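The values are calculated or read from the model by the stated rules, or taken from the named source; none is laboratory data. It should be emphasised that the depicted structure is a prediction, and the values quoted were computed from it without experimental measurement. Here Cβ is always computed from backbone atoms with ideal geometry, including for glycine, and neighbour counts include all displayed protein chains. For the accessible areas, the whole protein counts, side chains as well, though only heavy atoms, and no ligand, DNA or RNA atoms are used. Shrake-Rupley method; radii C 1.70, N 1.55, O 1.52, S 1.80 Å.
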Amino acid sequence: MLSIFKSATPEALEDIHEEMRVRQTDRFIFLFSMGSQFDHLIVQQISRLGAYCVVADPSSVKAEDVRRAAPSGIILSGGPASVFDEPPPFDDAIFDLGIPTLGVCLGFQMWAKHVGAEVAPQSKREFGVHTFRIKKGGSSLFEGVSNETQVLESHGDAISDAPFEILGATDNAEVAAGHAGHLWGVQFHPEVTDTLEGGKMYDNFLNICGITERFPARSVAQAKIAELKKIVAGKRVLIALSGGSDSSVVAYLLKEAGARLKGVYIRGIDRPDDEVYVHEYFGEENWIELEIADATDEFLKALKGHASMRDKRLAMRGVYKEVLEKKLKSWKADFIAQGTLYTDIRESGHGHATGARVAEIKVHHNVKLGFSVPEIAPLETEVKDSARGIGRELGVPEDLLVRHPFPGPGLVVRIEGEVTAETLRIARACDEIYIEELRAAGLYESVWQAGATFTRSMHTESKGDGAGLGAVLALWAVWSVNGFTARFAQLPYDFLDKVSRRITNEVREVAAVVYRISDKPPATIEWG
Ligand code: XMP
């Protein structure tokens, strides 16, 4: 994990200076992580722009610490708190230091309140993609940005009575961007890809901070391999392989680092073709030994009687850990490796270890499991697109890299209510038809992820001369870059028509098929 700046101790200041020496720069940015789902994307964005970003803890860093560390700029991320009724922990005196500061969402509301604006819950909350209109030309934050541009918003509070310059608005937010001296703010999230010109805005902010000389990031893959070599060269590393891209990328990283590798594929709650991919790409390789662990019975036993998604996720996690733990012992592994991404850690309510509250969106199967041997998760600072980029650099077969993401808890989160052998069979059959048709229509690679959820909603049906009740199956597909945000994919009606006909004809238990048209936020990508 990234190290977090908590106070200006001599050691912490030396760490920053050491990193600046390596990067041949004397400038850096403090990112106060207020608990946003997206704050890691800010770090990535700043790094991509060739500047150095240090994550700071808002609950412990005081104005005096900031003054002593002397960053060239400060960014305050968004977060789940509300300045209205749950002010986040932060020393407001930091706003008065005169250092260029960019507040994002909650961060903007924090300084807006500090300078005297009204911040309160609004009647029309803003989630998802909106059009931002720049009010006043000539602002250096929006230099080179179109006058009307798409942005992603995710907030319930709004700013009004602003005693500062308003730079732009959206339909539901009159104060969508503002400026007061060295303080800059945006109500939307420039770090997500749905904010089409967000990269330009961060670039502009770095210029405002005087960070004009940029240094390209070193090859991430080579840096990771060098780090891994120190730990795993010649050691026995067991890796949980899923047939998807993340665990495959980790396997290739470990191969390059000289580890002795054993891959374990856990069967039971998987898609119809996952095992096929694992066999094809890892079954015959001489650098990795492949073992298939059939845990179908264990999963079904653990899932019996559980209806809530959280309980099912926890039950699945238990079996996942147990199976791997057994293999670790029998193979006498030194380490366990997983393809955990930053997204998984963040949504599980972990992330930058700051004192700001982070919302638990869902318990991911692979986070904080506490194995008996040390865990290696070299992608835990990455998101989907950057992990794929690393894979490409390492020569991971494209076929594996472009596979749709699939959640570790597998079909469990795509079945409402109790998971049984029967509901698994139905979910698999529907998934197979849907994915087969996406490929046949040439749509598979143009959507980021797609799935079918077997719901507990019952629909009256008339099949043939009979009548009765059948289940409702929900299809979904999204466009995304890294899974932090997503837009529902506008699949052609004739395609949906074909899939619906096939599913209702071929899967006896399904009476009706619906298509989900919600973005993330507010919905998540998976149903459960
Ligand atoms: P959500 O549903 O949270 O998903 O919007 C974001 C991405 O993460 C995947 N996902 C998981 N991946 N373990 C994983 O390894 C999990 O527990 C898990 N839950 C969701 C999801 O499929 C999507 O790609």
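Restricting the first member to segment 49-69 and to residues that are at positive phi, and the second to residues that are charged (D, E, K, R), the beta-carbon pairs closer than 8 Å and six or more apart or on different chains are Gly50/Arg214.
Taken over segment 480-513, the criterion of being open to solvent by 30 Å² or more (accessible area, probe 1.4 Å) and of a type in the set (A, V, I, L, M, F, W, C) is satisfied by Val481, Phe488, Val513. Given the structure, is Leu424 modelled with pLDDT under 95 and closer than 30 Å to Ala302 by Cα? No; evaluated as a whole, the condition is false for this residue. Report yes if Leu400 is among the hydrophobic types (A, V, I, L, M, F, W, C), within 18 Å of Val363 (Cα to Cα) and within 16 Å of the ligand (Cβ to nearest atom), otherwise no. No, not satisfied.
The listed residues are Leu411, Leu438, Leu473, and the only one of them that is more than 14 Å from the ligand (Cβ to nearest atom) and either open to solvent by 60 Å² or more (accessible area, probe 1.4 Å) or under 28 Å from Phe282 (Cα atoms) (or both) turns out to be Leu438. Residues in segment 321-335 that are free of Cβ contacts under 8 Å to residues at least 60 places away in the same chain and touching a Ser or Thr at 6+ places or on another chain (Cβ under 8 Å) were compared, and the one that is most open to solvent (accessible area, probe 1.4 Å) is Lys329. Of all residues in segment 296-318, those satisfying the criterion of being over 26 Å from the mean Cα position of the chain (by Cα) and away from the ligand (no atom under 16 Å from the Cβ) are Thr296, Asp297, Glu298, Leu300, Lys301, Lys304, Gly305. Which ones in segment 414-430 are of a type outside the set (Val, Ile, Thr) and surrounded by 24 or more Cβ atoms within 10 Å (Cβ to Cβ)? Residues satisfying the conditions are Arg414, Ala427, Cys430.
Considering every residue within segment 386-394, establish whether at least one is within 16 Å of the ligand (Cβ to nearest atom), part of a loop (DSSP other than H, G, I, E, B), modelled with pLDDT under 95 and under 18 Å from Gly483 (Cα atoms). Checked segment 386-394: no residue is within 16 Å of the ligand (Cβ to nearest atom), part of a loop (DSSP other than H, G, I, E, B), modelled with pLDDT under 95 and under 18 Å from Gly483 (Cα atoms).
The set of residues in segment 359-377 being more than 14 Å from the ligand (Cβ to nearest atom) and either aromatic (Phe, Trp, Tyr) or open to solvent by 20 Å² or more (accessible area, probe 1.4 Å) (or both) consists of Gly370, Phe371, Ser372, Val373, Pro374, Glu375.
Scanning segment 205-258 for residues that are closer than 30 Å to Ile74 by Cα and not in a helix (DSSP H, G or I) yields Cys209, Gly210, Ile211, Thr212, Glu213, Arg214, Phe215, Pro216, Ala217, Arg218, Ser219. Of all residue pairs spaced 6 or more apart or on separate chains, none has beta-carbon atoms under 7 Å together with a first member in segment 364-388 that is free of Cβ contacts under 8 Å to residues at least 24 places away in the same chain and a second member that is open to solvent by less than 30 Å² (accessible area, probe 1.4 Å) and not hydroxyl-bearing (Ser, Thr, Tyr). Here the condition is being open to solvent by less than 50 Å² (accessible area, probe 1.4 Å) and either touching a Pro at 6+ places or on another chain (Cβ under 8 Å) or in the same structural domain as Asp344 (by TED's automatic domain parsing) (or both); of Gly318, Gly234, it holds for Gly318 alone. Quick check on segment 2-9. Is at least one of its residues assigned to a loop (DSSP other than H, G, I, E, B), among the polar types (S, T, N, Q), without any contact (Cβ under 8 Å) to a residue 12 or more places away in the chain and open to solvent by 10 Å² or more (accessible area, probe 1.4 Å)? Yes, segment 2-9 contains a residue that is assigned to a loop (DSSP other than H, G, I, E, B), among the polar types (S, T, N, Q), without any contact (Cβ under 8 Å) to a residue 12 or more places away in the chain and open to solvent by 10 Å² or more (accessible area, probe 1.4 Å). For the condition away from the ligand (no atom under 15 Å from the Cβ), assigned by TED's automatic domain parsing to the domain that holds Leu491 and without any contact (Cβ under 8 Å) to a residue 12 or more places away in the chain, Ser457 does not qualify. Taking the numbered list (1) more than 16 Å from the ligand (Cβ to nearest atom); (2) outside the structural domain of Ala251 (by TED's automatic domain parsing); (3) modelled with pLDDT under 95 in turn, Arg501 passes all entries but (3). Going by the structure shown, is Phe132 more than 24 Å from Pro80 (Cβ to Cβ) and in contact (Cβ under 8 Å) with a residue 12 or more places away in the chain? No, not satisfied. Screening the candidates Ala452, Ala467 for the property of being surrounded by fewer than 16 Cβ atoms within 10 Å (Cβ to Cβ) and at negative phi yields one hit, Ala467.
Checked against (1) at pLDDT below 95; (2) open to solvent by less than 50 Å² (accessible area, probe 1.4 Å); (3) outside the structural domain of Ile376 (by TED's automatic domain parsing), Ile225 passes all but a single condition, namely (3). Just so you know, in segment 262-277 the residues that are open to solvent by less than 10 Å² (accessible area, probe 1.4 Å) and out of contact with any Gly (no Cβ under 9 Å at 6 or more places or on another chain) include one that is nearest to Val323 (Cα to Cα), and it is Val264.
Out of all the residues in segment 7-16, is one or more over 20 Å from Cys209 (Cβ atoms), modelled with pLDDT under 85 and either outside the structural domain of Asp65 (by TED's automatic domain parsing) or out of contact with any helix residue (DSSP H, G or I) (no Cβ under 7 Å at 6 or more places or on another chain) (or both)?
We begin by selecting, within segment 7-16, every residue over 20 Å from Cys209 (Cβ atoms); these are 7, 9-12, 14-15.
Then keep just the ones that are modelled with pLDDT under 85; that gives 15.
This time we only want the ones that are either outside the structural domain of Asp65 (by TED's automatic domain parsing) or out of contact with any helix residue (DSSP H, G or I) (no Cβ under 7 Å at 6 or more places or on another chain) (or both), so: 15.
Among the residues of segment 7-16, at least one is over 20 Å from Cys209 (Cβ atoms), modelled with pLDDT under 85 and either outside the structural domain of Asp65 (by TED's automatic domain parsing) or out of contact with any helix residue (DSSP H, G or I) (no Cβ under 7 Å at 6 or more places or on another chain) (or both), which makes the answer yes.
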